[in-house]
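What follows draws every value from the coordinates through simple rules; no lab data is involved. Everything numeric here is computed off the predicted structure, so don't read it as measured data. So basically every Cβ, Gly included, is an ideal-geometry build from the backbone, and we count neighbours across all protein chains shown.
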Amino acid sequence: MSVSVTERQEPQVESRGTPLVRLEGVKKWFPIRRGIVFQKTIANVHAVDGVDLEIYPGETLGLVGETGCGKSTLARVVMRLFDVTEGAIYFDGADITHLKGKPLRRQRRNMQMVFQDPYASLNPRKTVGAIISEPFRVHGTLPKSKIRREVQQLMELVGLNPEHYNRYPHAFSGGQRQRIGFARALALRPRLIVCDEPVSALDVSIQAQILNLLEDLQEEFKLTYLFIAHDLSVVKHVSDRVAVMYLGKIVEAAPGDTLYRNPKHPYTGALMSAVPIPDPDLAAQKKRIILEGDVPSPIDPPTGCRFHPRCPRAQFPKCKDDEPALLEHHTDQVAACHFPLEDRSVTVLEGEPPIAESI
């Protein structure tokens, strides 16, 4: 059975003035402590370690990288579910880095999150109606007499039967539960929705439905997405720009087509070479780039470029001693590499040319 995902049209992005979200030097370290009564910090996990990132109104920014690179932590930092260790977060030009209490609650009306696991993110003891109506009750944006009607309209909007208002989450499939999560996120009409791998726990046919739903909702409500995923083909379909993360840092960012066809960072090139191709003939021509070694520990990350222990283009001592800055290589494409890849094409989807050269 073939499954089609609607091809993304030209980005409906507003003129690039003030970013909706801007991160400046954001770090999030988790302390490792020893002792029970008298605890002592002996090390830190550098989950996010100096990220500069901008998300513009109306766009979808895809965030990709290996497991453990800090994507989900960064998402929670943007949502202010985690306090930053260092750096600043701006939302629509306002500094929200240290908001607390009521000001932070008011700010959360503008930013919502859809979590990865549709089975764990919904309270099994509450009905779907109670789950979706919770934002209205917390923020007091609707009188009680109108909440039920609004919730049923939200359920219909995301493709759920409004008559199932009083059902519990266990009565729904994985795809339906994820739709419940989107309905809850949309309740307050936010400007930003952070999607933390929203389709990774779903089968392929349901993934296509959810991705098309995301695009429809974005067009109708002028939403901005931060979309985190492992599946590079999915990210290509939904994203206007893509940022690549490695060991707590952004190593490359570019418009989707530019990044997939002409990556500049060796790590991005290796990721692109790993995307499977359904055509056997094209797949046979494709050269897979295998990275040696394991991802270094975020407790004690490498000096200089963090990718240098696994990078086939690394040159010493420069890559080991000097940390590369994010520099522009083409229009809107930045990469943090001392010895970036040459201009070339990379195979990522069926029908595209094979890799012209290896790293």
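Data table
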read-out: Average Cα contact separation per residue, the chain, under 8 Å, 6 or more apart, as relative contact order %; value: 18 percent
read-out: Selection from Thr85, Gly50, Ala208 lying farthest towards where the dipole of the range 21-239 points positive, charges on Cβ; value: Thr85
read-out: Cα extents of the range 132-246 along the three principal axes, largest first (Å); value: 47, 29, 24
read-out: In range of the label at Ala171: residues from the range 125-157 whose backbone nitrogen is under 14 Å from the point 7 Å along Cα→Cβ; value: 125-131
read-out: Given Lys222/Lys249; Lys71/Lys144; Lys27/Lys318; Lys144/Lys236; Lys40/Lys249, the pairs whose alpha carbons are separated by over 31 Å; value: Lys71/Lys144; Lys144/Lys236
read-out: Net dipole in debye of the chain [+1 Lys, Arg Cβ; -1 Asp, Glu Cβ; about Cα centre; nearest 20]; value: 2080 debye
read-out: Percent of C-alpha pairs per 10 Å bin, the range 102-185, short to long; value: 18, 52, 27, 3
read-out: Inter-centroid distance (Cα atoms) of the range 127-170 relative to the range 173-207, Å; value: 15 Å
read-out: Space enclosed by the convex hull of the alpha-carbon atoms of the range 251-335, per residue, Å³; value: 119 Å³
read-out: Residue-by-residue Karplus 3J(HN,Hα) for the range 96-101, coefficients 6.51, -1.76, 1.60, Hz, glycine and proline x; value: 10, 4, 10, 5, 9, x
read-out: Inverse mean reciprocal Cα-Cα distance (Kirkwood Rh) of the chain, Å; value: 21.8 Å
